[in-house]
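Report on the structure given below.
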Amino acid sequence: MINQMTINGVKAIITYDSDVDLFRGDFIGLNGGADFYASDAEGLRREGEISLKVLMDACQEDGVEPFKVYSS
């Protein structure tokens with residue numbers, strides 16, 4: 001089973017990082033890295049919202065599409 005969380009409509013994979021004793025979220029389907037860490041689900045959601053906003057703002061400033069486009 002894959003642990004997922006959806007934050008503002010964007011899915012993130014959630015794993016546990018034993019090196020830092022925190023949960024790690026990593027958004028999928030974005031044109032850039034936007035990971036986030038917290039000790040609980042509420043913190044993950046909060047940190048994920050911040051991380052996603054930073055990435056979206058950077059993409060807007062640079063004129064880059066934030067979501068990967070897949071061709072068939």
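Readers should treat all values here as calculations from the given coordinates under stated rules, not as data from a laboratory. It should be emphasised that the depicted structure is a prediction, and the values quoted were computed from it without experimental measurement. Using ideal geometry, Cβ is built from the backbone for each residue, glycine included, and neighbour counts are taken over all protein chains shown.
Overview of values
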quantity: DSSP-loop chymotrypsin sites (Phe, Trp or Tyr not before Pro) across the chain, with at most 15 other Cβ within 10 angstrom; calculated: TYR70
quantity: Placed amide H near ILE7: partners under 5 Å, 5+ positions off or other chain; calculated: ALA12
quantity: Angle between the chain longest axis and helix 41-62 axis [Cα atoms, degrees, rounded to 10]; calculated: 20
